[in-house]
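Undergrad: Got a structure for you, questions after.
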Amino acid sequence: MAIQSIGDYDFPARDAIENFGGVLVTYWNWLDHLMFCAPVAFPFPPDMRFGDVLEQVFPGVYGAHPDFNKIDWAAARWTLDGQTFTPDLDRSLAENGLGHKSVVKFETPGLDGIKGSRT
Amino acid sequence: MSENPKKLNLKQRYKLLTRGLDWETTYQPMDKVFPFDTFEGIKIHDWDGWEDPFRLTMDAYWKYQAEKERKLYAVIDSFAQNNGHMGITDARYVNAIKILLTGVTSLEYAAHRGFSHVGRHLRGVGPRVACQMQAIDELRHAQTQIHTLSHYNRYFDGFHDWRHMYDRVWYLSVPKSFFDDAMTAGPFEFVTAISFSFEYVLTNLLFVPFMSGAAYNGDMATVTFGFSAQSDEARHMTLGLEVIKFMLEQDEANVPIVQRWIDKWFWRGYRLLSLVAMMMDYMLPKRVMSWAEAWEMYYEDAGAALFEDLERYGLRPPKYADIATKEKNRLSHEVWSIFYNYTHAAAFHTWSPEDNELDWLSEKYPDTFDKMYRPRFDYWREQAAAGNRFYNQALPQLCTTCQIPMGFTEPDDPTKICFRESVFKHERYHFCSDGCKDIFDWEPEKYVQSWLPVHEIFKGNCGGTDLKDVLKWYHLNDGVDNMDYEGSPDQRLWAEWTANRSKAAE
C-alpha cells in the first residue's frame with residue numbers, strides 16, 4: 001500500500017549500504033543463549049575472513065558466557081538469512097554469501113545455556 | 001443603553017465561545033486554508049456533529065488550572081525545603097523517574113507541538129478548540145514535570161541534559177520515533193494515535209504505575225504532579241473516544257482507515273510501554289503490582305469492555321492484542337535484560353535484584369520466572385559479586401519500526417528471538433514482531449528513513465566509533481550516569497545519608 005501524503009513522497013533508504021563507508025552491517029544470533037539479550041550487530045568489511053569473526057570477534061562478546069569455551073565449532077549448525085548453510089571459515093563473508101543486513105544464526109548442540117534455561 | 005443582566009448557562013456560554021467563530025473563506029478556497037484534513041481519506045460531512053466532551057470554556061480553564069498549579073508549586077516548594085528526596089524508599093527508585101524525565105517529559109512537549117499543529121489544521125471549530133486546550137495542557141505537563149524533577153537533579157545523576165539526550169540516546173529514540181511518527185502523519189491519524197490509542201486505551205498503564213509507584217516509594221512531589229495532571233488526562237481520554245466516534249459516525253468509509261490506525265498505534269504504544277513494564281517489575285523498590293497484573297486489569301478487562309462498546313461502529317479490537325497478552329509473562333524480564341546488558345550506555349542505573357525481589361518475581365510469574373529468567377539473574381549477580389559485572393560488548397540489532405533492541409521472543413516460543421523481515425526496493429529491513437512488520441509494510445516509504453541509533457553509530461554520525469566518544473556525544477557522564485547502581489555516586493551518596501540518619505537517631 002502506498003503512503004497517503006500531501007505530495008510526492010520518495011526518500012532514499014537511510015541505511016543503504018553506500019552510507020556505511022564500505023562495510024556490511026551484519027547481525028549475529030547465538031541460539032539458546034539469551035543472556036545476550038538481542039542479536040548483535042557488526043559493521044564488517046565484506047572481504048573479512050569468516051573465521052576471523054569466530055576467532056577475533058566472538059571471544060570479546062560471547063566469551064562472557066560459561067558455554068563459550070565449550071563450543072565445538074565443527075558441530076555448530078548455521079543459518080544465513082533463514083537458510084541452513086555451512087560457512088567456509090577461510091573464505092570471506094561476501095564469498096560465504098553474506099550481504100548487507102544479513103542475519104547469521106548459529107546453534108551449538110549440547111549447550112543450552114545457564115542451568116538449561118536457554119539463557 | 002440597556003444591559004442584559006441575564007446570565008448564560010454553561011452550555012449557552014460554551015456554544016457562544018466555540019461556535020460561529022469560523023467562516024467560509026472567500027479570498028482562498030477552504031481546501032487551501034486547511035490543506036491537511038482531507039488527504040488521509042477521512043470524510044467529514046458535518047463538522048458540527050462534533051459533540052464536545054467537556055464544555056470547558058477558556059476562562060474556566062485558566063481559573064481552574066491556575067488553582068491547581070498554585071497547589072502543585074506549594075507542594076514542590078515544601079518538598080524542597082523539607083528535603084523530600086530523603087523520604088523515598090531507596091535511591092534505586094530515582095532511576096524510574098530518570099526514565100520519566102528523559103522519556104516522558106519530552107513526549108509531553110512533543111504532544112504540545114502536535115496538538116498545536118492539529119488545532120490549526122482541522123477545519124471544524126469544535127475539535128480545533130479541544131486540540132488547542134490539550135496543547136496547553138501538554139505544555140503545562142512538560143513544565144510542571146521539569147520543575148518537579150529539577151529537585152532530584154541537585155542530588156542525583158542523569159537528569160542534567162534530558163532535552164539533548166532525547167534527540168540522541170539510543171533508547172530514547174524509542175519514544176522519540178513513536179511521537180515523530182504520529183506528528184508526521186495527518187491530523188486525524190495523530191489524534192487517533194495519541195488521543196485514542198495512547199491516552200484512552202493505554203494511558204492507565206503509563207500513568208498508574210508511575211504515580212502509584214511514586215506514592216508507594218515516598219516521592220510526594222511526583223505524586224502531586226500526578227494528581228494535578230489527572231483531571232487533564234481524564235479530559236484527554238474523553239477527547240480520544242469522542243474523536244473516534246465522530247469519525248466513525250460521519251462516514252462508513254472511515255471505518256477501515258480508523259481500524260488500521262488503531263491496529264498500528266495500539267502496537268506502537270504497547271511496544272513503548274515495555275519500558276513501563278520493566279519499571280514496574282524491577283525498578284520500584286516497593287512494588288505496586290506486576291506488569292502482568294496491570295495488563296490484565298487495564299487492558300484485558302477494561303480494553304475488552306471498550307472494544308465491545310465500539311463494535312456497533314464496525315470496529316474490532318486491535319490486531320495483535322492477543323500477542324501482547326501472550327507476552328505479559330515475559331515482557332518485563334526481556335526488557336530489563338536489555339538494559340542490564342547495555343547499562344554502560346544508559347543515563348540510568350540497573351542492578352541485580354535482591355533475594356526478596358527475585359522471590360516476588362517468582363511469585364508473580366510462577367510459570368516463567370524460575371525456569372527462564374531467574375538463572376540469568378543469579379548468574380549475573382554471582383559474576384558481579386566476583387567483580388565481573390556483565391556488560392554486552394557488542395551493539396544490539398534494532399527493530400526498524402519500534403527501534404527497540406531485538407530482544408523480544410517468538411509468541412509461541414519464549415526461548416527464540418522473534419525475527420521478521422521485509423524487502424523494499426531491494427533493501428532488507430528487520431523487525432521484532434509481526435506488529436512492527438505490518439506497520440512498515442503499510443508505509444515502507446516512511447520507515448526507510450528511520451534513524452536507527454546503532455546504524456548511525458556505525459556510520460560515524462554519533463561522535464565517533466568508540467563507546468566513550470558516543471557517550472560524550474550523548475552528553476552522558478561516563479562512570480557517573482551509567483553503569484551498575486552498585487558502586488555508583490548515587491548509591492554512595494544515599495548510603496552516606498542513610499548512615500548519617502541512623503547516627504542521628506542513636
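The values are calculated or read from the model by the stated rules, or taken from the named source; none is laboratory data. Computed from a prediction, not measured in an experiment: that's the story for all the values here. We place every Cβ from the backbone using ideal geometry, glycine too, and count neighbours over all the protein chains shown. Accessible surface is based on the protein model in full, side chains and every heavy atom, while ligands, DNA and RNA are left aside. Shrake-Rupley method; radii C 1.70, N 1.55, O 1.52, S 1.80 Å.
Undergrad: Pairs please, first residue from the stretch B:273-291 and in a loop (DSSP other than H, G, I, E, B), second anywhere and open to solvent by 10 Å² or more (accessible area, probe 1.4 Å), Cβ atoms under 6 Å, 6+ apart in sequence or on different chains.
TA: Between residues of the stretch B:273-291 that are in a loop (DSSP other than H, G, I, E, B) and residues that are open to solvent by 10 Å² or more (accessible area, probe 1.4 Å), the close pairs are B:PRO285/B:THR89; B:PRO285/B:ASP90; B:PRO285/B:ARG92; B:LYS286/B:THR89; B:LYS286/B:TYR216; B:VAL288/B:SER212; B:VAL288/B:TYR216; B:SER290/B:LYS364.
Here is a yes/no grid of residues against (1) more than 20 Å from B:PRO405 (Cβ to Cβ); (2) at pLDDT 95 or above:
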| residue | (1), (2) |
| --- | --- |
| B:TYR298 | yes, no |
| B:ARG316 | yes, yes |
| B:ILE323 | no, yes |
| B:ARG330 | no, yes |
| B:ALA345 | no, yes |
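Undergrad: Within the stretch B:417-437, track down each residue that is within 8 Å of chain A (Cβ to nearest Cβ) and within 17 Å of B:VAL335 (Cβ to Cβ).
TA: Within the stretch B:417-437, B:ILE417 is the sole residue that qualifies.
Undergrad: Out of the residues in the stretch A:1-59 meeting the condition of being among the hydrophobic types (A, V, I, L, M, F, W, C) and more than 9 Å from chain B (Cβ to nearest Cβ), tell me which one is farthest from the chain's Cα centre (by Cα). Step through it out loud before you land on a result.
TA: To start, the set of residues in the stretch A:1-59 that are among the hydrophobic types (A, V, I, L, M, F, W, C) comprises A:1-3, A:6, A:11, A:13, A:16-17, A:20, A:23-25, A:28, A:30-31, A:34-38, A:40-42, A:44, A:48, A:50, A:53-54, A:57-58.
Next, only the ones that are more than 9 Å from chain B (Cβ to nearest Cβ) stay: A:24, A:30, A:44, A:48, A:50, A:53-54, A:58.
Numbers: A:LEU24: 11, A:TRP30: 9, A:PHE44: 10, A:MET48: 13, A:PHE50: 11, A:VAL53: 10, A:LEU54: 11, A:PHE58: 11 Å.
The qualifying residue farthest from the chain's Cα centre (by Cα) is A:MET48.
Undergrad: Name every residue in the stretch A:48-62 that is surrounded by fewer than 17 Cβ atoms within 10 Å (Cβ to Cβ) and either hydroxyl-bearing (Ser, Thr, Tyr) or touching a helix residue (DSSP H, G or I) at 6+ places or on another chain (Cβ under 8 Å) (or both), in order of residue number. First the steps, then the outcome.
TA: Kept after step one, since they are surrounded by fewer than 17 Cβ atoms within 10 Å (Cβ to Cβ), are these residues of the stretch A:48-62: A:51-52, A:55-56, A:59-60.
Passing the criteria: only A:PRO59.
Undergrad: Let me confirm something: among B:PHE408, B:PHE307, which residue is open to solvent by less than 50 Å² (accessible area, probe 1.4 Å), touching a residue at least 12 places away in the same chain (Cβ under 8 Å) and either closer than 15 Å to A:MET35 by Cα or more than 13 Å from chain A (Cβ to nearest Cβ) (or both)?
TA: Answer to the check: B:PHE408.
Undergrad: Here's another thing I want to ask about it. Pairs under 6 Å by beta carbon, first residue part of a loop (DSSP other than H, G, I, E, B) in the stretch B:19-30, partner open to solvent by 70 Å² or more (accessible area, probe 1.4 Å), six or more apart or different chains?
TA: Note: no pairs meet the criteria.
Residue by residue, here is whether (1) under 36 Å from the mean Cα position of the chain (by Cα); (2) on the phi < 0 side of the Ramachandran plot; (3) away from chain A (no Cβ under 14 Å) holds:
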residue: B:LYS6; (1), (2), (3): no, yes, yes
residue: B:LYS15; (1), (2), (3): yes, yes, yes
residue: B:ARG19; (1), (2), (3): yes, yes, yes
residue: B:ASP22; (1), (2), (3): yes, yes, yes
residue: B:THR25; (1), (2), (3): no, yes, yes
residue: B:GLN28; (1), (2), (3): no, yes, yes
residue: B:PHE36; (1), (2), (3): yes, yes, no
residue: B:GLU40; (1), (2), (3): yes, yes, no
residue: B:LYS43; (1), (2), (3): yes, yes, no
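Undergrad: Would the stretch B:231-238 turn up any residue that is more than 27 Å from B:GLN65 (Cα to Cα), touching a residue at least 60 places away in the same chain (Cβ under 8 Å) and assigned to a helix (DSSP H, G or I)?
TA: Filtering the stretch B:231-238 down to residues more than 27 Å from B:GLN65 (Cα to Cα) leaves none.
So far as the stretch B:231-238 goes, no, none of its residues is more than 27 Å from B:GLN65 (Cα to Cα), touching a residue at least 60 places away in the same chain (Cβ under 8 Å) and assigned to a helix (DSSP H, G or I).
Undergrad: Oh, and also: Given the residues B:ARG428, B:ARG420, which is the only one that is surrounded by 15 or more Cβ atoms within 10 Å (Cβ to Cβ), under 28 Å from A:LEU80 (Cα atoms) and over 25 Å from the mean Cα position of the chain (by Cα)?
TA: Values: B:ARG420 fails: over 25 Å from the mean Cα position of the chain (by Cα).
Among B:ARG428, B:ARG420, only B:ARG428 is surrounded by 15 or more Cβ atoms within 10 Å (Cβ to Cβ), under 28 Å from A:LEU80 (Cα atoms) and over 25 Å from the mean Cα position of the chain (by Cα).
Undergrad: Filter the stretch B:458-489 down to residues that are part of a helix (DSSP H, G or I), under 25 Å from the mean Cα position of the chain (by Cα) and either at the interface with chain A (Cβ under 9 Å from one of its Cβ atoms) or of a type in the set (Asp, Glu) (or both), then give me how many there are.
TA: Number of matching residues: 0.
Undergrad: Within the set of pairs 6+ apart or on separate chains, which have a first residue in the stretch B:357-384 that is in contact (Cβ under 8 Å) with a residue 40 or more places away in the chain, a second that is assigned to a helix (DSSP H, G or I) and open to solvent by 30 Å² or more (accessible area, probe 1.4 Å), and C-beta atoms under 7 Å apart?
TA: If the second residue must be assigned to a helix (DSSP H, G or I) and open to solvent by 30 Å² or more (accessible area, probe 1.4 Å), the pairs left are B:TYR365/B:ASN329; B:THR368/B:ASN329.
Undergrad: Turning to a different aspect of this structure: So B:TRP442 passes all but one of these: (1) surrounded by fewer than 19 Cβ atoms within 10 Å (Cβ to Cβ); (2) within 11 Å of another protein chain (Cβ to nearest Cβ); (3) within 20 Å of B:PHE339 (Cα to Cα); (4) in contact (Cβ under 8 Å) with a residue 24 or more places away in the chain. Which condition number does it fail?
TA: Every listed condition holds for B:TRP442 apart from (3).
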